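Let me begin by presenting the structure, written as structure tokens, before commenting on it.
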Amino acid sequence: MNINTSEIFQYHPMPTLTGRFAPSPSGRMHMGNIFAALMSYASAKSKGGRWLLRIEDLDRQRCRPEYSQQIVDDLLWLGLIPDEGPGSPVDGGHGPYYQSLRDDVYSDAFDRLRHDGLIYECFCRRQDLTAASAPHASDGHTIYARTCLSLTEEQKAEMRNSRKPAWRLLLPDRVSTFTDGHYGFQSANLAKDRGDFYVRRSDGNFAYQLAVVVDDALMGVNEVVRGRDLLPASHEQAFLLHALGFKSPSYCHFPLLLSPDGARLSKRDRSLAMDKIREKLKPEELIGLMAWLVGLQTHWSPMSLDNFVASFCWDKIPQEDITVDAAALF
Ligand code: GLU
């Protein structure tokens, strides 16, 4: 029998699992953000993976450096230390990546999309969009009516005199599918259900969808764990990744934390903001609370970060959103 040793001994390195937490510093973090940080950390760490922190501060109007600092500080308080990244907030730790410092990489990706004819200029103002866009029946997401796609070169030249255009990705009339690690099989028609989205805004800033895709790919992120509100957007992100020649990560979405009125926890729920929480709870009490809310323990008792990771298992996490009644908790 002929044995081909070169095949047997060929080394197939397994890519390291790399997860990330990607908050936007537009206010002090609240319980929902910390929940997202813990979920992404525990999912990666429970599989022996790495975890990094990326501050998504592209929106220069809403994001502030002091909020970024507080994010780093709140995560350190909980013991969530990135495995890689520039700088060093504590000995042996690593600082976050900042999207606001990465315009050059987004610019390269933008140029490639433009060169390949995959994006087009959009001159619509906010009010034009409201009038012309059709809300998608199932989730209220609006789909751009492609008003600017049919503009002639002369019309565009004239419009550029009075306005700077934004840029949108032209999505094909094609069904996109993927299997989410928690919510299972997903499918959507890119053009009809999702619609052409911004890759660059008229103020020149790159848009979230472009930046998130480029960063995940270049930072070697191969597991994206985040709230289920971003589950549908994974279709366009997977498409954009392929358009840029990158591989898709695996997606795993988790349920949202809701206030008793059914609204998603937000920065408006002041009693669940991290400054208030840190006045009331120790890190292990907060981690234990998260573990209880998400079904990793049967009652609220303190839990170390290591035990949270050790007990983490996607099968125990519910698919339904989780109501948090701050008044009953504290
Ligand atoms: N920066 C986004 C947010 O704070 C999250 C992006 C992501 O996880 O893909 O909502």
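The values are calculated or read from the model by the stated rules, or taken from the named source; none is laboratory data. Keep in mind that what you see is a predicted model, and the values were worked out from it rather than measured. Ideal geometry is used to build each Cβ from the backbone, glycine not excepted, and the neighbour counts take in all protein chains shown. Each accessible area value is taken on the protein alone, full model and side chains, heavy atoms only, with ligands, DNA and RNA left out. Shrake-Rupley method; radii C 1.70, N 1.55, O 1.52, S 1.80 Å.
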Spacing of the two label points (7 Å from each Cα toward its C-beta) at LEU76 and ASN307, in nm: 2.6 nm
Work out how much length HIS141 to LEU101 would gain on full extension: take 0.36 nm times their residue separation and subtract the Cα-Cα distance, in nm to one decimal. 11.4 nm
Give me the percent relative contact order of the chain, please, defined on Cα pairs under 8 angstrom at least 6 residues apart. 18 percent
Please give every one of the lysines within straight-line cross-link reach of LYS156, meaning a C-alpha to C-alpha distance under 22 Å, and leave out same-chain neighbours fewer than 8 residues apart. LYS164
Simple label model, 7 Å out from Cα along Cβ direction - SER162 to SER150, nm: 2.0 nm
From highest to lowest solvent-accessible area (probe 1.4 Å; ligands, DNA and RNA excluded), HIS299, HIS30 read HIS299, HIS30
Give me the one-decimal nm value for the distance between modelled label points at ARG112 and ASP203, 7 Å along each residue's Cα-to-Cβ direction. 2.7 nm
Find the accessible area per residue for the chain; the probe is 1.4 Å, ligands and nucleic acids are left out, and the unit is Å². 50 Å²
For a label point 7 Å along the Cα-to-beta-carbon line of ASP128, residues of the range 195-210 with backbone N under 14 Å: 202-203
Which peptide among 263-274, 173-184 comes first, and what is the full order, when sorted by highest mean count of other Cβ atoms within 10 Å? 263-274, 173-184
Percent antiparallel among DSSP beta bridges (both partners in the chain, rounded to 5): 55 percent
Give the long-range amide H neighbours of ASN189: residues separated by 5 or more places, or on another chain, with amide H under 5 Å away, using H modelled in the peptide plane at 1.01 Å from N. SER176
If the chain between GLN61 and ASP325 were fully stretched, how many nm would it gain, using 0.36 nm times the residue separation less the Cα-Cα distance? 91.9 nm
Once all protein chains are kept in place, HIS141 shows an accessible area at probe 1.4 Å, nearest 10 Å², of 50 Å²
Measure up LYS247/LYS282; LYS45/LYS282; LYS282/LYS316; LYS45/LYS267 against 30 Å on the Cα-Cα distance and list the ones that go over. LYS247/LYS282
Of every hundred units of 1.4 Å-probe accessible area on the chain, the number belonging to carbon and sulfur atoms, as a percent, is 50 percent
Got a sec? What order do TRP77, TRP300 fall in by accessible area at 1.4 Å, biggest, i.e. largest, first? TRP300, TRP77
What Rg and what Dmax come out for the range 257-330 when only alpha-carbon atoms are used, in angstroms? 12.5, 33
So between TRP314 and ARG174, what do we pick up on full extension, going 0.36 nm a residue minus the alpha carbon distance? 47.3 nm
Whole-number percent relative contact order across the range 102-233, with pairs defined as alpha carbons under 8 Å at least 6 apart: 23 percent
In degrees, nearest 10, range 0 to 90: what is the angle between the Cα axis of helix 103-115 and the longest Cα principal axis of the chain? 40 degrees
Quickly estimate the mean residue ellipticity at 222 nm for the chain, helices only: each DSSP H run with n ≥ 4 gives -39500 (n - 2.57), and the total goes over all residues, rounded to 500. -10000 deg cm²/dmol
